[in-house]
Amino acid sequence: MERSLFLSRPSTDHGALLASPFSAASLTAFRRRRFLPHDSSLKIQNQLHSISSLVLGASSSTVRCEASMYNRQTVETVDLDWDNLGFALFPTDYMYMMKCSQNGMFSKGELLRYGPFELSPSSGALHYGQGLFEGLKAYRKEDGSVLLFRPQENALRMRIGADRMCMPSPTIDQFVDAIRLTVLANKRWVPPTGKGSLYIRPLLIGSGAVLGVSPAPEYTFLVFVSPVGNYFKEGLAPINLIVENEYHRAGPGGTGGVKTIGNYASVFRALKKAKENGYSDVLYLDCIHKKYLEEVSSCNIFVVKNKVISTPEVKGTILPGITRKSIIDVARGQGYQVEERPVSVEELLDVDEVFCTGTAVVVAPVGSITYLERRVEYGNKGIGVVSQQLYSSLTRLQMGLSEDKMGWTMQLE
Ligand code: PMP
């Protein structure tokens with residue numbers, strides 16, 4: 001059975017459940033993955049064993065990391081099939097956890113072994129969707145050090161989202177420190193240069209118990225990581241989008257502009273239908289006129305016409321992507337005119353290139369868009385010139401291969 005949380009027998013006398021930041025399906029996939037015959041696979045087996053014990057409630061609910069184990073694990077590298085990483089979860093060694101109670105202040109957080117944690121059955125996140133997440137990446141440089149890309153922007157976006165969702169949130173320093181600690185503790189899982197990145201998933205949830213519809217009395221901030229490769233199975237090959245005409249992702253006054261957990265399950269239906277029909281993803285329209293482009297399920301959209309780059313403006317119904325913002329600055333820095341404005345679906349018939357941006361997808365060229373049974377193709381089955389140029393500029397910066405004049409990267413070690 002597919003579950004987004006592991007719920008095992010209560011581990012404490014106040015009825016808390018053990019919740020896992022990863023799904024049952026991911027654990028099975030992780031077990032099935034082929035690790036090379038190396039002694040690290042034995043350690044991973046042991047780790048799985050301890051995770052499984054936690055799932056079954058047979059062990060203590062949280063395992064704090066012992067310094068000796070932590071030091072040993074961070075100097076090794078994991079022997080994974082780095083060339084075939086997709087965008088799936090690999091449970092890693094440690095996660096970070098920090099709690100906050102009604103006074104709105106987060107206490108000092110700590111690194112814990114990655115695995116299930118206690119959650120009240122009546123937590124606000126489970127019932128009323130009071131939760132936010134973030135996504136950012138760490139890249140390994142050729143000298144072995146690790147680079148983060150604009151983590152303060154994710155911290156700020158989480159604070160803005162938390163305000164919308166009536167939640168307290170970590171300060172920017174607390175957020176960035178948590179990211180640094182978690183990445184360094186899991187450093188052996190950062191893919192070699194050019195093979196992928198370490199995806200970092202910060203999560204803020206209303207963990208306290210509520211019954212009536214109201215904000216939770218306690219909040220938990222978590223950070224965990226997973227090595228990843230390409231988001232779309234197409235890799236850098238162009239993706240195929242379908243414009244969704246029935247379901248909407250967001251509406252004015254709603255929460256489309258923040259990264260709240262509930263925004264995602266609501267698009268599963270459209271996404272499932274699109275994938276069943278052979279499309280890579282869904283392009284949403286505004287819900288009032290059904291005419292203006294909004295965004296794709298997990299990325300922003302850009303069109304290029306006569307070297308002018310346009311993207312829907314941020315007005316509360318689309319996520320203000322950090323990649324979007326970075327690409328706008330990179331493109332302007334290279335002399336392109338970039339317009340943030342309403343982009344109508346009819347314009348798609350007449351543009352030269354279309355691409356998507358996001359942390360997971362980076363810059364994904366769009367090869368076709370289908371709207372009301374009509375399919376328009378771009379880029380002659382390849383990546384367009386402007387998309388390619390922006391992709392190279394951004395990824396070289398993120399990987400530390402070009403000079404960071406903007407001060408966007410943060411070197412960890
Ligand atoms: N839109 C949505 C709905 C997303 O989930 C994401 C991914 N965070 C994006 C856009 C792109 O945002 P970013 O560039 O910050 O990853």
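Read-outs throughout are calculated quantities, based only on the coordinates presented, and are distinct from any laboratory measurement. Only a predicted model underlies this, so the values are computations on that prediction, with no experimental measurement involved. A quick note on method: Cβ atoms are made from the backbone with ideal geometry, for glycine too, and the neighbour counts reach across all protein chains shown.
P(r) of segment 239-400 in 5 Å steps, Cα pairs, percent per bin?
Bins of 5 Å from zero give 2, 9, 20, 23, 22, 15, 8, 2, 0 percent of pairs.
Place a +1 charge on the Cβ of each Lys and Arg in segment 239-400 and a -1 charge on the Cβ of each Asp and Glu, then give the dipole magnitude about the Cα centre in debye, rounded to the nearest 20.
340 debye
How do 201-210, 394-403 rank on mean C-beta neighbours within 10 Å, highest first?
So the peptides 201-210, 394-403, ranked by packing, come out 201-210, 394-403.
Put +1 on the Cβ of every Lys and Arg and -1 on every Asp and Glu Cβ in segment 239-400; which of Asn245, Ala331, Ser266 then has its Cα farthest towards the positive end of the dipole?
Ser266
Between Lys272 and Lys381, what FRET efficiency follows from the Cβ-Cβ distance if R0 is 30 Å, with the result rounded to 0.05? Each step should come with its number before you reach the end.
On the way: r = 26 Å, r/R0 = 0.87.
For Lys272 and Lys381, the calculated efficiency is 0.70.
Starting from the Cα of Val213, move 7 Å in the Cα-to-Cβ direction to define the label point; list residues of segment 157-198 whose amide nitrogen is under 18 Å from there.
164-167
Using DSSP, restrict attention to beta bridges with both residues in segment 239-400 and report what percent are antiparallel, rounded to the nearest 5.
Counting DSSP beta bridges with both partners in segment 239-400, the antiparallel share is about 60 percent.
With a cut-off of 18 Å, note down the residues of segment 156-183 whose backbone N falls inside the zone around a label point 7 Å from the Cα of Glu340 toward its beta carbon.
Flagged as within label range: 156-161.
Between segment 303-376 and segment 199-275, how far is it from one alpha carbon centroid to the other, in angstrom?
20 Å
Compute, for segment 115-214, the length of the dipole vector about the Cα centre, with Cβ point charges of +1 (Lys, Arg) and -1 (Asp, Glu) only. Units Debye, rounded to 20.
On the way: 12 positive and 8 negative charges, 75 e Å.
The calculated dipole for segment 115-214 is roughly 360 debye.
Of the lysine pairs in segment 94-228, how many meet both conditions: Cα atoms under 30 Å apart, and a spacing of 8 or more in sequence or different chains?
10
State the answer as a single residue: which of Pro116, Gly196, Ser226 lies farthest towards the positive end of the charge dipole of segment 94-228, with beta carbon charges of +1 for Lys and Arg and -1 for Asp and Glu, about the Cα centre.
My answer, from the dipole projection, is Gly196.
Across every pair of different alpha-carbon atoms, what Kirkwood hydrodynamic radius in Å does segment 310-413 reach?
In segment 310-413 this quantity evaluates to 15.1 Å.
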